Amino acid sequence: MTVSRLSLLCRDLWALWLLLKAGADEIMHQDIVPLCAADIQDQLKKRFAYLSGGRGQDGSPVITFPDYPAFSEIPDKEFQNVMTYLTSIPSLQDAGIGFILVIDRRRDKWTSVKASVLRIAASFPANLQLVLVLRPTGFFQRTLSDIAFKFNRDDFKMKVPVIMLSSVPDLHGYIDKSQLTEDLGGTLDYCHSRWLCQRTAIESFALMVKHTAQMLQSFGTELAETELPNDVQSTSSVLCAHTEKKDKAKEDLRLALKEGHSVLESLGELQAEGSEPGVNQDQLDNQATVQRLLAQLNETEAAFDEFWAKHQQKLEQCLQLRHFEQGFREVKAILDAVCQKIATFTDIGNSLAHVEHLLRDLASFEEKSGVSVERARALSLDGEQLIENKHYAVDSIRPKCQELRHLCDQFSAEIVRRRGLLSKSLELHRRLETSLKWCDEGIYLLASQPVDKCQSQDGAEAALQEIEKFLETSAENKIQELNTIYKEYESILNQDLMEHVRKVFQKQASMEEVFHRRQASLKKLAARQTRPVQPVAPRPEALAKSPCPSPGIRRGSENSSSEGGALRRGPYRRAKSEMSESRQGRGSAGEEEESLAILRRHVMSELLDTERAYVEELLCVLEGYAAEMDNPLMAHLLSTGLHNKKDVLFGNMEEIYHFHNRIFLRELENYIDCPELVGRCFLERMEDFQIYEKYCQNKPRSESLWRQCSDCPFFQECQRKLDHKLSLDSYLLKPVQRITKYQLLLKEMLKYSKNCEGAEDLQEALSSILGILKAVNDSMHLIAITGYDGNLGDLGKLLMQGSFSVWTDHKRGHTKVKELARFKPMQRHLFLHEKAVLFCKKREENGEGYEKAPSYSYKQSLNMAAVGITENVKGDAKKFEIWYNAREEVYIVQAPTPEIKAAWVNEIRKVLTSQLQACREASQHRALEQSQSLPLPAPTSTSPSRGNSRNLKKLEERKTDPLSLEGYVSSAPLPKPPEKGKGWSKTSHSLEAPEDDGGWSSAEEQVNSSDAEEDGGLGLKKLVPGKYTVVADHEKGGPDALVVRSGDVVELVQQGDQGLWYVRDPTTGKEGWVPASSLSVQLGPSGSAQCLSSSESSPGSAVLSNSSSCSEGGQAPFSDLQG
């Protein structure tokens, strides 16, 4: 049908085109003259011949040759052009009768007359009817002409007669006076210049009509041969181009019509005077010609307008079709994508918050997709309108409209179905949440009932009433029948949701069981308290003493007759009372454990609920903000400062979300039934929590970007769609808040799980989380360091950081500088790494929020391999010394509090002692390799090498755990502790140390010195009394072994056998055996300040430095002792 309509329209256009072409051809082929007045205007102006418009008696046109003296001098070409032009002006009918020539030679000579007549006769291009010659008027010339004409008649023989006239009246006998101009005695009004202007105007109009007709014919051919384009842009271009050409053609037509009317108006003035005898036929013919051209031009314009209307309709319908097809392709692609997207919405939610989030997502998706659906429906209506308007492509438009309606209805139905499922899921989760909330309230109720108060009658009855009142609310809060739930919500139940329903039902049943047990227990307590005393018939003796006998009173009676019975019943009653008290004690302990279990489950429930909410919030931010930054439809709302800044704004939030959603949350759910073991879950995933360090390090950049772009319309639009009351920055803070929340929940869980199996795991998990928080906090300071040229990662793990007042004192410094440094401290921020300590200057804090974090300018660093410390400085308990390169550089550091100073000193001591231990192990390893490379000595040899071999063999036997007591305990029991007073003797073994500070070094001791040889070479070294630092943890051993930690300070009491030493912990006062290899070098007496250095000296040297402490007023001398 579309093809037939299109072909019919094309046939109509072709017929109109043929009509337009015929009219144009008629215009182009009529009134065609070889010459125009404008072409020979100069020749016509000479007026040697003119067409006055007069007619003969039979209507023959009259051409007048006025007296023109220079007639003979006119070039033949010009004469021929004028004759041709003048004979072409009259109509073909008048020209066919023949022309009458009037030759006026009254003032000329006969010779000129003869020449003129002969020239005219020879060159006249049209038919001649009569030639009238006015001969010269002079007597001589007239006589001569009469004679000459008679004798030369044969020379004038022509196809028409030539009549010689003597005067003008003779001329009037041949041509009426009204057809002759005034110079020939006539009355015909003729102006040659006016005639020339009229002829020029008429011919210009005729030429304009001809050109217009040619243009219309060419344009019509182009329109008729135009093929319909297949796309919107091409169709629009063709329609625009054709419209421009049409407008130009219409303008040309308008100008031609205007010109024609102007000419006709000028001729109309003469027509008004047509009744007068002065009006000639040529003027009337000219007016008729102009009117005919105007009529033909109007007909051509009407035909063109009709043709253009059909052509324009065809192009406009084609453009409408192309727009409809393009819109159909776009809308169908969008609807297909929407249908595919909604097909992925299969999740029904795993919690109430999740379902609510899914419903919000569905509503947001419906809102976003609603624009496309409305567009599709509007496009379908447009197609229907095209069909009603009898579009030529009805067969193509109608199926597309039907498909669009089908897709829209399908989308709406799917949205309704999805909303129905989610509403069902929301209803189920609300019931489950109500049941869980009811269970939690019950748990709180049980936990809030003190066990001691329930032992009384009033307390038991009050608790019983509370329980019964609570159980009355079960009908409206708990799940009644599991099978009914399964049947009612069958359409949304999957395996996970069924399992969740089952667990909630089990929790509900367990809670009810606990309630019933508590209820039964309380009923027994209440019944036992109110049980009436059984009446017993009293004996007469007892009635006299006790009107209200009771078992207790009878037991206390001194009546001789009942004494034997009382003695017999006494042991039984005491045993029964003890059994009852024991049962009540066990019941109280059981109820306390039950309350703790309830509280643990509550903490676990809070942990899971907050974890699910946290995951939902992260997903909401990622989908509602981060994903929208890549949405082309939202690109216009983004400011330029946000382009390509998604990673800066959100950091690694997506990585955090995937870890919690895919891993951590699912593993936490496995510990619902055993919450006390949840610490294992944290320990197993402790390394994954390092991702928070990266997020927190990026937080300052994110905060800065947010402050710059917080007023961007993009964030406001996203917040509106998500229906969030808080802005994005509040949600960007969620990961920081979450990582700090875990340690609080772990503390709560640990408080209720101290006697449970997983208590140690919980404690370790709590310590690890706190360590991560410390590492995150330290890293936030570490990234603020500026000016350090090297890689901070090469310095090892950051152990501590803090701000201190620092005085400097260098041996090589200038005196004034030393004095100035002594009295004026510098404010420095110290960063203690495993391999170096950095001194930085804290800069001013600017900005707000995370932008307010300080920055640190690097000043200097000290290699820990060359660092020593003096733990106490006289005069200030908050000061300690850090010295470098054997006290070549000394830094007196003052901490804000003594506790901070103690923590730093302890941490530095651990670093130095670990380096000392590493040096010892390396030295022992070198000595072991050296001894293995030497030949074995003779058995009777007493050289030190043999002792070394024996000790090396012992070391190899204990190589698996050189600091453990297991090797000693397994072979022989620990030595007995020494008797009091039999420890070390100060006089016999005391190493007299001066009052100055004792210096420490982690350099390797000389293994081949004389002292070492006397003690058995590489065997266990001989220790001296005093204080020592423990360099390795020791927890194993017998009952007399002392448990120590690395970094602890102990006092030596007695040297034992098998490498064991009996020591005392001055902090706790406990004593016990520890391996000698776990103790570091000697510390000075307690009255001196202890110094520890890790400066590595030459092999075989141990540096002990004794220095007096620095006071506030001056500097004491320092001395070094070579050990």
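When 112, 72, 60 are checked against the criterion of being at negative phi, in contact with an Asp or Glu (Cβ under 8 Å, 6 or more places away or on another chain) and hydroxyl-bearing (Ser, Thr, Tyr), 60 stands alone in meeting it. Within region 645-662, being under 15 Å from residue 608 (Cβ atoms) and open to solvent by 60 Å² or more (accessible area, probe 1.4 Å) holds for no residue.
Can you tell me which residue within region 666-703, out of those that are of a type in the set (S, T, N, Q) and loosely packed, with under 15 Cβ neighbours inside 10 Å, is farthest from residue 599 (Cα to Cα)? Out of the qualifying residues, it is 690. When residue 62 is tested against (1) at pLDDT 85 or above; (2) farther than 18 Å from residue 285 by Cβ; (3) open to solvent by less than 10 Å² (accessible area, probe 1.4 Å), exactly one condition is not met: (2). The set of residues in region 100-129 being surrounded by fewer than 19 Cβ atoms within 10 Å (Cβ to Cβ), polar (S, T, N, Q) and under 17 Å from residue 82 (Cα atoms) consists of 123, 127.
Selection of region 30-55 for residues being open to solvent by less than 20 Å² (accessible area, probe 1.4 Å), modelled with pLDDT of 85 or more and part of a loop (DSSP other than H, G, I, E, B) yields 40, 48, 49.
Okay, residues lined up against (1) buried (at least 20 other Cβ atoms within 10 Å of the Cβ); (2) of a type in the set (Gly, Ala, Ser):
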residue	(1), (2)
316	no, no
321	yes, no
325	no, no
332	no, no
335	yes, no
338	yes, no
343	no, yes
346	no, no
351	no, yes
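Within the set 468, 441, 388, 367, the sole residue that is touching a Phe, Trp or Tyr at 6+ places or on another chain (Cβ under 9 Å), of a type in the set (D, E, K, R) and either exposed (fewer than 14 other Cβ atoms within 10 Å of the Cβ) or closer than 28 Å to residue 600 by Cα (or both) turns out to be 441.
Among the residues of region 195-216, none qualifies, meaning not one is more than 23 Å from residue 291 (Cα to Cα), touching a residue at least 12 places away in the same chain (Cβ under 8 Å) and open to solvent by less than 70 Å² (accessible area, probe 1.4 Å).
Condition check: closer than 30 Å to residue 510 by Cβ and open to solvent by 70 Å² or more (accessible area, probe 1.4 Å). Does residue 448 satisfy that? Show your work before the answer.
Numbers: closer than 30 Å to residue 510 by Cβ: yes; open to solvent by 70 Å² or more (accessible area, probe 1.4 Å): yes.
The answer is yes for residue 448.
Based on this model, can you work out whether residue 393 counts as aliphatic (A, V, I, L, M) and open to solvent by 40 Å² or more (accessible area, probe 1.4 Å)? The answer is no for residue 393.
Scoring residue 149 on the criteria (1) modelled with pLDDT under 85; (2) open to solvent by less than 20 Å² (accessible area, probe 1.4 Å); (3) of a type in the set (Phe, Trp, Tyr) leaves a single failure, condition (2).
Counting only residues that are within 18 Å of residue 319 (Cα to Cα), in contact with a helix residue (DSSP H, G or I) (Cβ under 8 Å, 6 or more places away or on another chain) and either assigned to a helix (DSSP H, G or I) or open to solvent by less than 40 Å² (accessible area, probe 1.4 Å) (or both), region 221-233 holds 5 of them. Only a single criterion out of (1) open to solvent by less than 70 Å² (accessible area, probe 1.4 Å); (2) over 38 Å from the mean Cα position of the chain (by Cα); (3) not acidic (Asp, Glu) is not satisfied by residue 420, namely (2).
Scanning region 282-300 for residues that are closer than 26 Å to residue 61 by Cα, open to solvent by 20 Å² or more (accessible area, probe 1.4 Å) and acidic (Asp, Glu) turns up just one, 285. Applying a threshold of 7 Å to beta carbon distances and a minimum spacing of six or more residues, or different chains, the list of pairs starting in region 896-915 at a residue that is of a type in the set (S, T, N, Q) and ending at one that is modelled with pLDDT of 90 or more and open to solvent by less than 50 Å² (accessible area, probe 1.4 Å) is empty. Determine whether residue 174 is open to solvent by 20 Å² or more (accessible area, probe 1.4 Å), closer than 27 Å to residue 266 by Cβ and not in a helix (DSSP H, G or I). Considered against the rule, which asks whether it is open to solvent by 20 Å² or more (accessible area, probe 1.4 Å), closer than 27 Å to residue 266 by Cβ and not in a helix (DSSP H, G or I), residue 174 comes out as no.
Is region 724-738 home to any residue that is in contact with a Phe, Trp or Tyr (Cβ under 6 Å, 6 or more places away or on another chain) and closer than 26 Å to residue 752 by Cα? It would help to see each step written out before you state the result.
We begin by selecting, within region 724-738, every residue in contact with a Phe, Trp or Tyr (Cβ under 6 Å, 6 or more places away or on another chain); these are 728-729, 735, 738.
Subset that is closer than 26 Å to residue 752 by Cα: 738.
Yes, some residue in region 724-738 is in contact with a Phe, Trp or Tyr (Cβ under 6 Å, 6 or more places away or on another chain) and closer than 26 Å to residue 752 by Cα.
The values are calculated or read from the model by the stated rules, or taken from the named source; none is laboratory data. Since the structure is predicted, the reported quantities are computational estimates derived from the model, not experimental observations. All Cβ positions, even for glycine, are placed from backbone atoms using ideal geometry, and neighbour counts span all protein chains on display. Note: areas computed on protein heavy atoms with side chains; ligands, DNA, RNA excluded. Shrake-Rupley method; radii C 1.70, N 1.55, O 1.52, S 1.80 Å.
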